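Colleague: Mind looking over this structure? Questions follow.
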């Protein structure tokens, strides 16, 4: 009886914690003639669920000068103007990570893109 009382709160906590098996972030930026970055498209998929996407509305520039996407309630995905550093929150935990930004072939690096997989993908 005492063992089940000890395990019960722990199991309840696991049930309400988000599954963080795989975070996939992706996007594309382009440089204009003034060498300023613009966002073509981007998104984040957390354990198979699309949680943030430019298809849901225009990204904004946040107070720190980062691109910030439209996300489901409680989720945040933002990244530096060049896409190299990103921040993500699932509403319970927050993470920062590097994104593997690379030049799109045959564009002279006017277009850059990333496909980043984190947390056990």
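The values are calculated or read from the model by the stated rules, or taken from the named source; none is laboratory data. Every value quoted in this text rests on a predicted model; they were computed, and no experiment measured them. Cβ sites come from the backbone with ideal geometry, for glycine too, and all protein chains shown count toward neighbours.
Colleague: Of everything in region 12-42, what is modelled with pLDDT under 90 and either in contact with a strand residue (DSSP E or B) (Cβ under 6 Å, 6 or more places away or on another chain) or surrounded by 10 or more Cβ atoms within 10 Å (Cβ to Cβ) (or both)? Give them in sequence order. Break it down stepwise before answering.
Modeller: Residues of region 12-42 modelled with pLDDT under 90: 12-21.
12, 17, 18, 19, 20, 21 - these are the residues of region 12-42 that are modelled with pLDDT under 90 and either in contact with a strand residue (DSSP E or B) (Cβ under 6 Å, 6 or more places away or on another chain) or surrounded by 10 or more Cβ atoms within 10 Å (Cβ to Cβ) (or both).
Colleague: Something else about it: Report, by residue number, each residue of region 83-104 that is more than 10 Å from the chain's Cα centre (by Cα) and in a loop (DSSP other than H, G, I, E, B).
Modeller: Of everything in region 83-104, those that are more than 10 Å from the chain's Cα centre (by Cα) and in a loop (DSSP other than H, G, I, E, B) turn out to be 83, 84, 91, 92, 93, 100, 101, 104.
Colleague: Filtering region 43-82 down to residues that are outside any strand (DSSP E or B) and in contact (Cβ under 8 Å) with a residue 40 or more places away in the chain, which residue is surrounded by the fewest Cβ atoms within 10 Å (Cβ to Cβ)? Walk me through it before giving the result.
Modeller: Restricting attention to region 43-82, the residues satisfying the condition of being outside any strand (DSSP E or B) are 47-48, 54-59, 62-66, 69-70, 72-75, 80-82.
Then drop every residue that is not in contact (Cβ under 8 Å) with a residue 40 or more places away in the chain, which leaves 81-82.
Working: 81: 15, 82: 13.
It comes out as 82.
Colleague: Mind checking whether some residue in region 19-38 is outside any strand (DSSP E or B) and in contact with a helix residue (DSSP H, G or I) (Cβ under 9 Å, 6 or more places away or on another chain)? Working first, answer last.
Modeller: Initially, region 19-38 is screened for residues outside any strand (DSSP E or B), giving 19-22, 32-36.
Next cut, in contact with a helix residue (DSSP H, G or I) (Cβ under 9 Å, 6 or more places away or on another chain) only: none.
No.
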